[in-house]
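Some notes on the structure that comes next.
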Amino acid sequence: MRYIVGVDIGGTNIVVGTVAEDGSVVHGVRSVPTQSEEGPQAVLGRIARQVQSSIAEAERSAGVTRGMIVGVGIGSPGPLDREKGLVLLTPNLGWTNLPLRDLVSEAVGLPATLDNDANCAIYGEWWVGAARGARYVVGLTIGTGIGGGIVIDGQIYHGTSDVAGEFGHTTIDSTGRLCKCGNYGCLEAYASGPAIAARAAEGIAAGVATRLPELVGGDLSKITAQTVYEAAQANDDFALEVVRDTAKFLGAGIGNLVNIFNPDVVVISGGVTLAGDRLFVPLRAEVQRRAFKPAVERCRIVPGDLPGTAGVVGAVATFKNQMWGDI
Ligand SMILES: [Zn+2]
């Protein structure tokens, strides 16, 4: 058995794991804060140390030897240039034209590949997760932002300049909220983690009755999407309304995707899946109201199966695909 190290670089954390080439097992999972404010060199150093540390644990705990490790698959926020291995621009990390693939490869002494982080997460779910074996897959990763990916016949669809799948920056309200990307009314401006928290805080400022302020000791700046789910779990009416509104916004965005792609599966991963059926039941109903019936009837809308490791496992799948041409 050969092994490949997967690296998932996020705005908040870097997650690393040593994955068997058939995707069956992940050894030595590491998660450390990205701390991108320290600059790319510091982040590269952290990536290299976590890769070595993950391999070392795989050696200790699973009898993996150095010679079995054949490469590193990297998932990074983009936009990026896969062919050149460049991260062109990442507002969240502050990187511009960074030759990430080759820098990591040199630092760890292994061949490396690069792809978009959301593409990796969706590819991981297609390879060994909730969308396993499906022919047409679209996916969304919902956290600090909303990323997306498209898998067709086992291949990630990248588009002509590696931008395809940016579902978070598709418009659901043409005169709506200003998004970080500069456009108005993007799905991300309504349904990302920070957007969910912002909508909750706005309701509180407008005087709705809710226990949310109690949960954060009165400090409204501490409200997160997770706080909203916890309050919804405790049947707080306003928190339930915020979750239902989130389902409506996501349902509008996903209804568009269902009509465009007619997929077998829409897989949703990230923190938002913690809301469970309180989100998924009204979300599916909203998609049903908006998209064509023959498309909705054949489409499963499901949470991801690989919480925390989809990006790592998928980065390994993209390594296999880029280096060997198959999975
Ligand atoms: Zn946007």
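With K and R counted +1 and D and E -1, the other residues having a Cβ less than 12 Å from that of ALA200 yield a net charge of -2. Spacing of the modelled spin labels on VAL70 and VAL25, each 7 Å from Cα toward Cβ, amounts to 1.8 nm. Going by alpha carbons, how many degrees (0 to 90, nearest 10) lie between the helix axis of 237-261 and the longest principal axis of the chain? On a 0 to 90 degree scale, this one is about 60.
How would you rank 66-77, 170-181, highest first, on the average number of other Cβ atoms within 10 Å across their residues? Before the final figure, lay out the partial values.
Working: 66-77: 21.9, 170-181: 14.8.
Going from most to least packed, we get 66-77, 170-181.
Can you give the FRET efficiency for TYR184 and VAL163, using 1/(1 + (r/R0)^6), R0 = 25 Å, r = Cβ-Cβ distance, to the nearest 0.05? That pair, TYR184 with VAL163, gives E of 0.85.
Taking 0.36 nm per residue of sequence separation and subtracting the Cα-Cα distance, how much length would be gained by fully extending the chain between ALA42 and ALA234, in nm to one decimal? Don't jump to the answer; show the numbers that get you there.
Details: separation 192, 0.36 × 192 = 69.12 nm, distance 4.19 nm.
In short, 64.9 nm is gained.
Which net charge results when you count Lys and Arg as +1 and Asp and Glu as -1 among the other residues whose beta-carbon is under 11 Å from that of GLU286? Charge balance near GLU286 sits at +4.
Accessible area per residue for the stretch 189-244 is 47 Å², calculated with a 1.4 Å probe on protein heavy atoms, without ligands, DNA or RNA. Legend: residues MET1, MET323, sorted from most to least accessible area (1.4 Å probe; ligands, DNA and RNA excluded), read MET1, MET323. If you take the beta carbon distance between ALA285 and GLU214 as r and set R0 to 35 Å, what does 1/(1 + (r/R0)^6) give as a FRET efficiency, to the nearest 0.05? It comes out at approximately 0.70.
With a Förster radius of 30 Å, plug the Cβ-Cβ distance of SER53 and LYS84 into 1/(1 + (r/R0)^6) and report the FRET value to the nearest 0.05. Once the sixth-power term is evaluated, E becomes 0.60. In this structure the stretch 252-296 gives 47 Å² per residue of accessible area when probed at 1.4 Å with all protein chains present.
What 222 nm value per residue comes from the helices of the chain, counting each DSSP H run with n ≥ 4 as -39,500 (n - 2.57) and dividing by all residues, nearest 500 deg cm²/dmol? Numbers along the way, then the final one.
Details: 11 runs with 133 residues, N = 327.
After summing the helix terms and dividing by the residues of the chain, the value is -12500 deg cm²/dmol.
Take every Cα pair under 8 Å whose residues are at least 6 apart in sequence, average their separation, divide by the length of the chain, and the relative contact order is 20 percent.
What does the charge add up to near VAL313, with Lys and Arg as +1, Asp and Glu as -1, over the other residues with Cβ less than 12 Å from its Cβ? Intermediate results must be reported in sequence, preceding the final value.
On the way: positive: ARG132, LYS320; negative: ASP8, GLU21, ASP22, GLU125, ASP305.
That sum, taken over residues with Cβ under 12 Å, equals -3.
Ranked by the mean number of other Cβ atoms within 10 Å per residue, highest first, peptides 146-158, 33-45, 87-99 order as 146-158, 87-99, 33-45.
The values are calculated or read from the model by the stated rules, or taken from the named source; none is laboratory data. Predicted, not measured: the structure shown is a model, and the values here were computed from it. Please note: Cβ atoms are built from the backbone with ideal geometry, for glycine as well, and neighbour counts cover all protein chains shown. SASA here: full protein model, heavy atoms, side chains in, ligands and nucleic acids out. Shrake-Rupley method; radii C 1.70, N 1.55, O 1.52, S 1.80 Å.
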